[in-house]
Amino acid sequence: MIHELRIHGLGVIEDAVVPFAPGLTVLTGETGAGKTMLLTGLGLLMGAKGDPGVVRTGAERADVDGEWRIPVDSPLLDLLDELGARTETDDEGVALILGRSVAAEGRSRAFAGGRIVPSGTLTEITDRLIAVHGQSDQLLLRDARRQRDLLDRFAGETHMGRLARFGEAFQQWRAAQRERDDLLAHRQEREREASLMRLGIEEIAAVQPEPLEDEHLKAKAVVLANATDLVAEVTAAHELLVGGDAVPEQSSAVDLLGQARRLMERAVALDPSIAGYVARLDELIGSVDEAASELSGYVRGIEADPQLLAHIEDRRQALATLKRKYGPELADVLAWLERAERTVSEADTTDLRLEQLTAAVSACGGLAEDLAAQLTKGRRAAAKKLSAAVSEELRALAMPDSELRIDVATVSGPENYTTEGADDVVMLLRPHAGGDFRPLGKGASGGELSRIMLAIEVVLAGAESVPTFVFDEVDAGIGGKVAVEVGRRLARLARSAQVIVVTHLPQVAAFADRQVVVAKGSDGQVTSASVSVVEGDARVQELVRMLSGLEGSASGAEHASELLELASRERA
């Protein structure tokens, strides 16, 4: 459960610490006091977008930190270990700190257990810790997709897993069908393209070009065309190194190095410290000999061969022709050849591919139909249970003759499916006995929608696995006896989970195990002194303010005490 929320520089909140407790905690206070900002801060910890507009005027940034207590056997701890998040264990469980910082210039950072993490990681963590239900859910309740989602959630984890498998099978069916239809529609066009490519493949195959062959041939042609000059120049260089006809009266490089070595040998006899130079001269003599030998071999390999040169030029011309048609570079020619061979291969195996795709369409379609049928069966069973459970809740919420009915309409054939299956789900309300069932968007008032939403949330809460539920003024549009019943339902829900409610209704607040009041200071800001847990007489006075707005009213205090006594009996 969430243990504490600390906020700094967020909207009207300058600095505040909000303590939470097990059971039912209500947040009360006058309109504009900052209760919504508390939920905004909680939303940031849940990975919501860090809008710089929430930063308090004049502040550099807004900071929000939340402390959670997690059971020592929670599977969430495995994820925290993977993240390297720091946690501490005490008698109340494992303490986890989540944080979010939003700068006024727009940058946002998220923290989990002291580690910087993407904001999406906060969402992944808090999805297992908390579920928030707000007034916007009442509008979403009118949407058919939302109604189907609610029914699927109620149907349970096995159903949701089946829904995921159906989505995969349906996407595979659709992909195979698209490829098959495309193959059939463009079959003749691909055949014509393949026929043209076969001609190009034959032309390239006749030449059989190799990668970089044009560059190698160009270099070889230059050598053959200049063979005489090359032999003369390299031979002269060779003779300068080791001697020959070109240097009859001039010492070669090897002779000169040998003379230098003999002189150094005599010098070493006088100073042994310069013996290293003799070794270096030996290395030079060896290197010159090696270079001379390689040059000699190079000269022997060069010969003027007009026929070979003509052959090379013909080969270069053939490659140039290919590059003009399929280039501009030889690498482009080879790439075109690879693509063309692939296209021709695909064209040659069109019949086989069509057979494979037809089989895939049949197999995936059959699997999708089987899973869709299972989804339909699960939804219809869940619809009966959810309808009965919500109708029972509505009777407890002062709608004694109301009844909710969930219809599941099914289409046949994968071509009529959506990614959610074969079903359209419609929630219908009969507000009173003898009335007609009408869709929620047409047959329910705002107050009725509030109660229906609360009833659904209370029922779904039993199917949720999160330990904390937050309700943001879902009691809007109701009052009197109905409000008492709302408080009673929330208190019953709080027996099995932590429940946090933002409310303006004293009838709801009276059922709380802890009441936290948020008030603005005289400067219009919310500070640490503006958030307080009220008990005893202070709580009675807060309920009086909520009842009548008249502080110090004796009759109001009597009424508030009666509410607290009623709620106390209910909780007992």
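Name the single residue that is modelled with the lowest pLDDT among those in the range 500-529 being in contact with a Ser or Thr (Cβ under 7 Å, 6 or more places away or on another chain) and aliphatic (A, V, I, L, M). So the residue we want is A519. Output the residue which, of all residues in the range 98-143 that are over 29 Å from H3 (Cα atoms) and modelled with pLDDT under 85, is nearest to the chain's Cα centre (by Cα). The qualifying residue nearest to the chain's Cα centre (by Cα) is L140. Of all residues in the range 413-440, those that are among the aliphatic types (A, V, I, L, M) and surrounded by fewer than 15 Cβ atoms within 10 Å (Cβ to Cβ) total 1.
Among the residues making up the range 390-423, a single one is under 32 Å from the mean Cα position of the chain (by Cα), among the polar types (S, T, N, Q) and part of a helix (DSSP H, G or I): N416. For beta carbons closer than 8 Å, sequence separation of 6+ or different chains, a first residue in the range 263-285 that is more than 16 Å from A253 (Cβ to Cβ) and a second that is assigned to a loop (DSSP other than H, G, I, E, B), there are no qualifying pairs.
Scanning the range 47-70 for residues that are among the acidic types (D, E) and farther than 20 Å from T121 by Cα yields one hit, E60. Among the residues making up the range 196-220, a single one is surrounded by 15 or more Cβ atoms within 10 Å (Cβ to Cβ) and either free of Cβ contacts under 8 Å to residues at least 12 places away in the same chain or not in a helix (DSSP H, G or I) (or both): P209. Is one or more of the residues making up the range 232-242 surrounded by 17 or more Cβ atoms within 10 Å (Cβ to Cβ), in a loop (DSSP other than H, G, I, E, B) and modelled with pLDDT under 80? Taking every residue of the range 232-242 in turn, none turns out to be surrounded by 17 or more Cβ atoms within 10 Å (Cβ to Cβ), in a loop (DSSP other than H, G, I, E, B) and modelled with pLDDT under 80. Residue check: G413 meets all listed conditions (1) modelled with pLDDT of 85 or more; (2) in the same structural domain as I70 (by TED's automatic domain parsing); (3) at positive phi but one, namely (2).
The set of residues in the range 86-114 being part of a loop (DSSP other than H, G, I, E, B), of a type outside the set (A, V, I, L, M, F, W, C) and within 28 Å of D51 (Cα to Cα) consists of R86, E105, G106, R107, G113, G114. The one condition from (1) under 42 Å from the mean Cα position of the chain (by Cα); (2) surrounded by fewer than 15 Cβ atoms within 10 Å (Cβ to Cβ) that D152 does not meet is (2).
Residue count for the range 276-294, restricted to those that are small (G, A, S) and surrounded by 13 or more Cβ atoms within 10 Å (Cβ to Cβ): 3. When A359, A398, A335, A381 are checked against the criterion of being small (G, A, S) and in contact with a helix residue (DSSP H, G or I) (Cβ under 7 Å, 6 or more places away or on another chain), a single residue qualifies: A398.
If you go through the range 16-59 and keep only what is in a strand (DSSP E or B) and buried (at least 18 other Cβ atoms within 10 Å of the Cβ), you end up with A16, V18, L24, T25, V26, L27, T28, V55.
One line per residue, one yes/no per condition, for (1) under 15 Å from A110 (Cα atoms); (2) among the aromatic types (F, W, Y); (3) modelled with pLDDT under 90; (4) assigned by TED's automatic domain parsing to the domain that holds H504:
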{"position": "H3", "(1), (2), (3), (4)": "no, no, no, yes"}
{"position": "R6", "(1), (2), (3), (4)": "yes, no, no, yes"}
{"position": "I13", "(1), (2), (3), (4)": "no, no, yes, yes"}
{"position": "P22", "(1), (2), (3), (4)": "no, no, no, yes"}
{"position": "E30", "(1), (2), (3), (4)": "no, no, yes, yes"}
{"position": "G50", "(1), (2), (3), (4)": "yes, no, yes, yes"}
{"position": "G58", "(1), (2), (3), (4)": "no, no, yes, yes"}
{"position": "E67", "(1), (2), (3), (4)": "yes, no, no, yes"}
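The residue of the range 60-115 that is surrounded by the fewest Cβ atoms within 10 Å (Cβ to Cβ), among those that are within 26 Å of G9 (Cβ to Cβ) and among the β-branched types (V, I, T), is I97. When each of G53, G43, G34 is tested for being over 26 Å from the mean Cα position of the chain (by Cα) and not polar (S, T, N, Q), the lone residue that passes is G34. Does the range 264-282 contain any residue that is assigned to a helix (DSSP H, G or I) and under 15 Å from D214 (Cα atoms)? Checking the range 264-282: not a single residue is assigned to a helix (DSSP H, G or I) and under 15 Å from D214 (Cα atoms). If the condition is being closer than 14 Å to I312 by Cα and touching a residue at least 40 places away in the same chain (Cβ under 8 Å), then the range 221-242 contributes A221, V223, L224, A225. Of all residues in the range 388-412, those satisfying the criterion of being under 20 Å from P439 (Cβ atoms), polar (S, T, N, Q) and surrounded by fewer than 22 Cβ atoms within 10 Å (Cβ to Cβ) are S391, T410.
The values are calculated or read from the model by the stated rules, or taken from the named source; none is laboratory data. Since we're looking at a predicted model, the values are computed, not measured. All Cβ positions, glycine included, derive from the backbone under ideal geometry; neighbour counts span all protein chains shown.
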